[in-house]
1. Let me spell it out: the conditions are (1) assigned to a loop (DSSP other than H, G, I, E, B); (2) out of contact with any strand residue (DSSP E or B) (no Cβ under 7 Å at 6 or more places or on another chain), and residue 101 meets all of them except one. Which number is the exception?
2. For residue 190, which of the numbered conditions (1) buried (at least 19 other Cβ atoms within 10 Å of the Cβ); (2) part of a strand (DSSP E or B) fails to hold?
3. Checking residue 157 against (1) in contact with a Gly (Cβ under 6 Å, 6 or more places away or on another chain); (2) in contact (Cβ under 8 Å) with a residue 40 or more places away in the chain, only one condition comes out false. Which one?
4. Does any residue of segment 154-176 turn out to be closer than 21 Å to residue 34 by Cα and touching a Cys at 6+ places or on another chain (Cβ under 6 Å)?
5. Of these, 171, 163, which one is in contact (Cβ under 8 Å) with a residue 24 or more places away in the chain, part of a loop (DSSP other than H, G, I, E, B) and surrounded by fewer than 17 Cβ atoms within 10 Å (Cβ to Cβ)?
6. Determine if segment 81-95 includes at least one residue that is charged (D, E, K, R), in contact with a Pro (Cβ under 8 Å, 6 or more places away or on another chain) and modelled with pLDDT of 90 or more.
7. Looking only at segment 192-206, count how many residues are closer than 18 Å to residue 132 by Cα and among the charged types (D, E, K, R).
8. Please find, within segment 49-71, the residue that is farthest from residue 203 (Cα to Cα) out of those that are polar (S, T, N, Q) and outside any strand (DSSP E or B).
Amino acid sequence: MKPNIQQNPAATSPAAGDAASGLRLYPGYLDRGRQAELLVALRDALAAAPLFTPRMPVSGQPFTVRMSNCGPLGWVSDVDGYRYAPKHPQTGRQWPPIPAILLGAWQELGFYPHLPEACLINFYGPAAKMGLHQDRDEHDFDAPVVSLSLGDSCLFRIGGRRRGDPTRSFRLHSGDAMVLGAGARLAFHGVDRILPGTSTLLAEGGRFNLTLRRVTRPEPQNVCPSSMIENAT
């Protein structure tokens, strides 16, 4: 059965003025019930692929976020650099599959005919943040990045394709979805801070950010049919 992603009919219309740039916002895309359902699937994925602390290339300085992945590939960072890898860096096991509810979100919001290959799971504690960066370790920039938020709100910042371009910031709340595509696909973006206590979804507090990505250039026949998502449930 196909996941019933759309709980809030208004949530499938992007915020006014953002679509032309390739940044599309879907406030309240997942209602509370669907957030809880996604959280259960996320906990199952993390049981198979526990959160770990990535480190900066060369310096080895730890990130303030902890992370994991699901899907055929997962993004990792250590002293050797940024890259996608098929296995968890600590357990040596393959990443768990991407939950069906996330595949449904990709199909509904991504406007891209091929399956995602990675879902990055970032966990932000109360003091965590993410500096301005580009998502450019993928081979296929035609594919968007589809992001969903669970838990405490954050102050998100986005600029242009050059680090020195002007930026603007706005809040992302639990259940919100965001798409970076077209002109915004390589925009610098980051998380300034977490706003503790703004959600009761996570018993431990904090925020999960889930970002779906296509990593490799797809073969012509590797299209994302609805039946693959329906059969994933």
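The values are calculated or read from the model by the stated rules, or taken from the named source; none is laboratory data. Just so it is clear, the model here is predicted, and its values are computed rather than measured. FYI the Cβ positions are ideal-geometry reconstructions off the backbone, even for glycines, and counts take in every protein chain you see.
1. Residue 101 satisfies every listed condition except (1).
2. Of everything listed in (1) buried (at least 19 other Cβ atoms within 10 Å of the Cβ); (2) part of a strand (DSSP E or B), residue 190 misses just condition (1).
3. Residue 157 satisfies all of (1) in contact with a Gly (Cβ under 6 Å, 6 or more places away or on another chain); (2) in contact (Cβ under 8 Å) with a residue 40 or more places away in the chain except (2).
4. Scanning segment 154-176, I find at least one residue that is closer than 21 Å to residue 34 by Cα and touching a Cys at 6+ places or on another chain (Cβ under 6 Å), so the answer is yes.
5. 163
6. Looking for residues that are charged (D, E, K, R), in contact with a Pro (Cβ under 8 Å, 6 or more places away or on another chain) and modelled with pLDDT of 90 or more, one finds none in segment 81-95, hence no.
7. Residues flagged as closer than 18 Å to residue 132 by Cα and among the charged types (D, E, K, R) within segment 192-206 amount to 2.
8. Per the stated criteria, the residue is 59.
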